[in-house]
Amino acid sequence: MTRETSLWQTVKRELGRFGALERIENRLAPGTPDVVFSLRRPHSSGINFYHCGTGWLELKSLPAWPKRLDTPLRIRGMTRGQVLFMQRWTNAGGLAFLLLQAERDYLLLDLPATIRLFSGRMRRSYMYGVALTGSCNGEHFPTAKILKCLTPWS
């Protein structure tokens, strides 16, 4: 099983109970993200109200962080088409994120952070500051934190 497949299994297990997640393999439209989602979480003010979110999630996995904190990250397999898709989708008002797993850390990135990562200007020391949310030092997958970012609307 590839690292990205393993990440997909984790995402499906952790977020699947909150709605629908579908893995997309689209050879006709290069750059289409790996997962389309439609999720909801209960609103704190009442049992029948929900925060909802529908969008795209690109999955990337690194076997290890660079040894030095100031080494720029390189994500093998990340394409310009993927970044452009996220940009078009986000500019149209939709949700699109990159979920990066490095070792046992998980970081959810928005479009500006993804562009910076793709351009080779992102260092590990900077990643934690620009991530929307995540976990580090081998913490468990941050289900609640990620769900909150993916479901901003009520």
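The values are calculated or read from the model by the stated rules, or taken from the named source; none is laboratory data. Owing to the predicted nature of the structure, the values given are computational and were not obtained by experimental measurement. Note that each Cβ is placed from the backbone with ideal geometry, even for glycine, and that neighbours are counted across all protein chains shown. Side chains included, ligands, DNA and RNA excluded: accessible areas come from the protein's heavy atoms. Shrake-Rupley method; radii C 1.70, N 1.55, O 1.52, S 1.80 Å.
Annotations
- In this simple spin-label model, placing a label point 7 Å from the Cα along the Cα-to-Cβ direction at both residue 5 and residue 144 gives a separation of 3.3 nm.
- Given 14 as the ceiling on other Cβ atoms within 10 Å, longest exposed-site-free region of the chain for trypsin sites (Lys or Arg not before Pro) in DSSP loops: 28-66
- Length released on extending from residue 153 to residue 29, taking residue separation times 0.36 nm less the Cα-Cα span: 41.8 nm
- Label separation (residue 44 vs residue 104): 3.0 nm, computed from points 7 Å beyond Cα along the C-beta direction.
- Charge dipole (debye, nearest 20) of the range 1-86; +1 at Cβ of Lys and Arg, -1 at Cβ of Asp and Glu: 240 debye
- Inverse mean reciprocal Cα-Cα distance (Kirkwood Rh) of the range 52-116, Å: 12.7 Å
- Solvent-accessible surface of the chain, taken per residue with a 1.4 Å probe and all protein chains present: 56 Å².
- Distance distribution P(r), the range 1-55, all Cα-Cα pairs, bin width 5 angstrom from 0: 4, 17, 20, 21, 16, 10, 6, 4, 1 percent.
- Positive-end residue, the chain charge dipole about Cα centroid, Cβ charges, pick of 93, 5, 147: 5
- Global form of the range 31-154, assessed from the alpha-carbon gyration tensor, a/c cut-off 1.5: oblate
- About its Cα centre, the range 40-154 has a charge dipole of approximately 280 debye under the convention of +1 per Lys or Arg Cβ and -1 per Asp or Glu Cβ, with nothing else charged.
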